[in-house]
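Taken together, the values in this text are just the output of simple stated rules run on the coordinates, not laboratory data. Keep in mind that this is a model prediction, so the values were computed, not measured. Heads up, the Cβs are rebuilt from the backbone with ideal geometry, glycines too, and the neighbour counts pull from every protein chain shown.
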Amino acid sequence: MAVGGGVSSLGIGDLHDVKTELKEFNTSDWRKFGSVAGLRYNTLNIIQENKTKVEDRFEECLACWLRREDKVDSKGKPSWRRLADILEELGDKALADKIRSRKGEQQLDRKISVHCNLRREYYRMSTEYGAIVERFVNLEYMDQHYTQEDSGSGEGYACLMFYEKNSFIYFTAIPVKMLTALHEYIKDHHRFADIGPIHYFHFKWFNGFIELNFNEKPSTGWTIIPLIKPCRLYQEDIDSFDGTDGSIPPYCFISFEGSPDAVPTLHYSVPLVGVADPVTLFIHRTLKCTAPPVAPYTGLVYHEKKEDQHLIIFTAARLKDISTTVTCIEDQYPLARINQLIHFDFDSNHDYIELILDAPQDQSITGWTIEPQSTKFLKDQFDRFSFTKDFLPSCLVSFHASPDAVPILHYSVPLEGVAEPKTIDLLLKSPMTSSQVSYVGLIYYEWKGKEYLMTFTASKKLNHLLQYIEEYHPLAEIGQVYNFSFSPSSGFIELLFDDSCKGWTVQPLVEPCRLYQDDIDRFDEATYPFPPSCLVSVYGSPDAVPKLHYSVPLEGVADPVTLWIVRKLQLEKDELEVISSHKATFEKDYEKLKATVADKEAEIEEEKKQVEEEKRHLEKQYLIEKQITKELKTKVTDNELYIAKLLKEREQLQERVTSLEEQSMKETSSKEVQFNYMIPLMDNLDFLSDVQVAEKKLLVFQGKKPQLMNWEKYGLRIGVSGDSLLSFKAADAAVVALVGGQFQFPPNTILVSAVYAVSLSKPLLKPLQLEIQHCIDLTRQPDLAQYLKFAIAPVSTLSLPYQFSIVEGGEFSSNGSYGFIKFQHEEPCLVCILGTASAGISDRMIYKMMMHYEQEGVEDLVTLVAAKDLNALIEYIERRHPQTEIGQHVPFSFDPSSDFIEFILDAPQIYSLTGWTIQAHIKPCRMYRHDIDKFGEKEYPLPPSCLVSVYGSPNAFPTLHYSVPLEGVADPVRLFIHRTLRTTDPITRSSSSSNVVHESTSVSSTGGASPSATVDVNKVKKVIDDVLVSHYAALNSLPKKSLTGLVNQLYTAKLISNKVREDPSMEGCITEFKAVLSFKRKLPQVEEYCQKFLSSFIAVGGPYADAATVFHEDWIEAIRNELGFDFNINIDA
């Protein structure tokens, strides 16, 4: 019980005294009281359901608070002071002051002004004292007597680490609402930083600090040194970051380094001190993969033609200063053009570079005079320019030609003082001409782990190219630079390749490998953000010559130019053998792709014919209308109003015919041809502000027939009934799927769908049917469909947030995940589905757990992401991870008694873990429900995630099948991290890693896994059925005009009955397929039956053949992952 002053804690025994003090409080505000006190939403709902009277609800609310349920201590332990603060926050300051007066709290709300340095020193001393006591005193006693009661204020905080390329770690923290601003700050000031996972926390001590504790010894070969001790961030400094231009988040700097003989992976735990809930962060780094060395300096050779001489300018700079150096040269010598780039490092015995102008020459130099102005500069001059940017060192040499000089001078100038031999090669012409080179081109290389990717590009100014490369390809190595002008008869330049590479493969990624003059000019006029370029793959086999020196002529230029591709062999023999072994597979996939493209072209040609037919029909209709108009004009010449009306209709019809004529003349190489004339409609939605867009879609409705437009990939279907349009009319609909934004929903509601922006080009005669996906399970009892409602918000408002209001008329099925409503709004608006919060909707919400795999050096990085089970959110997340390998997608619901899910990474395992290391990047490895629900809001632009690193040593067990139970879910869920020991190139792992052999399988002659005699055929049939169900919507979207052909094929193969053939439907075909499948008892029978089913789809061709390919791949992959053997069907048979 409370004794003495108001800072003592209150307990359940003080309930009567608390009620007495609150006699003047309005008990109808009991929910507001509970929310401010720290009780959870579900707890308040339970109170409301169990208690009918307001007074009883208020009393139960007070009891829960005094019992300290729902961790209310995080906002302040129950006390008279805390009670007064709650009342003041609710607006009842008079009652709060009375309680303070009666309980000896008069002075508690008066702040004492103390200098910030003294306050910080006081908290430092008190915290260190607490840390000392904590070693000897029971933790529960510490919590009761030393932790400040308002340590966990309502505002949350977030901390993270980000890694710079120069082996520095930045540890920072900010309020949660400033997360987006922090990301923008890192993007602007640390553009190449690698951002680590985000951790949310509350301070343990009021106005305290957080500190990283570096007590553990790093792994062998690694060094970790905090540059500031203690490594501490104060709450006062963290709160000062407000995201404005002049605001800087607080940092702690940490240096890390791995020696060449260090263990491949560093996973260093760092406890975080000063937070309400204990947490351990991890510094996770891997040794960099071996890549070709890059010289630290780059020399630039410029050439300027004057009336009677050639001026050669040679300078150099560090890699990071190339762009600045080029600007200086071009400002000082505006007519000079780049001639050559030379990558070098200084010789350890020299601190200078000198041009050797008197070196022996291979060709004649008769009639030429060389006048050096300066031939030497020091290394210190380059290093000084790197900091000051005020004086650029350079060498100047003039070349004069007499009237009888040789026409072309080939002159080589060796460099002295460099680590490897380097030479400046000059080609000068006489007599002098006043023509100037118009363009400059270059090639640069990027190492992609197993090959070089060479980029061939050009511009009018070298500096434009260098700035682009510095911003978008900072790790690229710049190769040859060349000057050229276009041949008068050519509007492009082109690289010509041959096969004389001696074991090297040089393959352009586009043929012909051309750059057009118009595209180069547009880039330099700043209308194009990127220069035109061609990509070339350069790859060396194990038996290739060690160094490639490959010439490529440049066609289309006024004077001959030859480019040289110079590379050193980097690949290993075993990796190349694996790649070559899959060459046949790649060629086979290529042939399939060509066949698919041919089918698509045939479909497009058929659609073109339909457009032509419709055009002829409209022309005929137009002639009829024109004749009618003519007759009416002669009959009712005195009715000017009526004639004007007919003329207007005639003009509209004529515009429609003209539109179709223009449309038929355009190449229909894309099924999205309607985008060309629908862009203005999408502009109606472009002024949406502060929203996260998942995808945009443009739809066309034509004629009088009913139509259903499926966009289930993003959770939306739109249906138009017959007679909504005239037979010759068309309407367009622009739809934008939104992940989140600044939305305001009615009280007592929660968002259970994505938000969609909808705009129609013209009003319809009848309302369309809008079907939206929700994430509520309506199959359980009691039925909660009545608590789901549609809501609409206008988008024409000038203020944010967008205000949603409930609309009546929506319907929800108890066995489906879509709700539908009749929709007829002329103005653009936002539409979504809301649920009544107090009805327990949140307990029925379905979420989805996604697993992604990504190669990080010598290990695999597993990313676990959770979101509401909505297609729009899932697609948005998948598109943010385009380079990752997609793993399991598992639906789940929260256990009503838990507000988080946790991944148990130390659970007992069935399969061998020999040689494998599995490490989480944060402990405990949790995701909180409120973070998942808030994904999409302004302060939560990214979904919550957990990172897990997986590393297999060279002698590890070949396959890892690691079980990870998931706690906090309604139904038991167990994820599996499935990896294969990395012994091949990642390109080939996708095909080899799936050959996993379990105890119930045997190894086939092909190296894959074949089923043993103990295969459970029922499980196989269940997997086949699950894949069918997952693609049910896609099957129903296949063209109906080809359905008869599919039915005939299935009937010929004796897979369906005559009844289905007489009344064809996709649902009937699937139902009979599943019915017959259920009677197959042996695996070969199941394989043969599925083979015939897919062969029928392939025989139809077009999209049906594509569907067969999808089912073929998904069945094999699903059975391999879930049952551990290869399902033997071949759609090419």
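Here are a few things to note about the model shown:
- With the convex hull constructed from alpha-carbon coordinates only, region 863-974 shows a mean projected area of 8.1 nm² over all directions.
- One quarter of the surface of the convex hull around the alpha-carbon atoms of region 310-429 equals 7.8 nm², the direction-averaged projected area.
- Pair Phe530, Ser167: separation of 7 Å Cα→Cβ label points (nm): 3.4 nm
- Modelled FRET efficiency - R0 30 Å, Asn1048 with Gln855, Cβ distances, 0.05 increments: 0.05
- In this rough spin-label picture, where each label sits 7 Å from Cα along the Cβ direction, the Asp97-Glu1113 distance is 7.2 nm.
- R0 of 60 Å, Cβ-Cβ distance Ile604-Glu24: FRET efficiency to nearest 0.05: 0.20
- Equivalent ellipsoid of region 675-843: semi-axes from √(5λ) of the C-alpha gyration tensor, largest first, are 27, 20, 13 Å.
- Using every pair of separate Cα atoms, the Kirkwood estimate puts the hydrodynamic radius of region 1009-1123 at 14.6 angstrom.
- Under the Karplus curve 6.51 cos²θ - 1.76 cosθ + 1.60, θ = phi - 60°, whole-Hz ³J(HN,Hα) for region 1114-1120, x wherever Gly or Pro sits: 5, 4, 4, 5, 5, 5, 5
- Coordinate range of the alpha-carbon atoms in region 437-569 per principal axis, descending: 46, 34, 22 Å.
- Zone of Glu878's modelled label, taken as backbone nitrogen in region 1111-1130 under 14 Å from a point 7 Å along Cα→Cβ: 1111, 1114
- Full extension of the segment from Asp362 to Ile750, taken as 0.36 nm per residue of separation minus the current Cα-Cα distance, would add 131.4 nm.
- Gyration tensor (Cα) of region 827-887, equivalent ellipsoid semi-axes in angstrom: 32, 17, 6
- Placing pseudo-labels 7 Å out from each Cα toward the beta carbon at Arg191 and Lys923 gives an inter-label distance of 3.9 nm.
- Alpha-carbon Rg with Dmax, taken over region 157-286, Å: 14.7, 45
- Computed from the C-beta positions of Glu49 and Ser259 and an R0 of 56 Å, the FRET efficiency is 0.35 to the nearest 0.05.
- Residue list for region 940-971, given a label point 7 angstrom along the Cα-to-Cβ vector of Asp906 and an amide N cut-off under 20 Å: 946-951, 962-968
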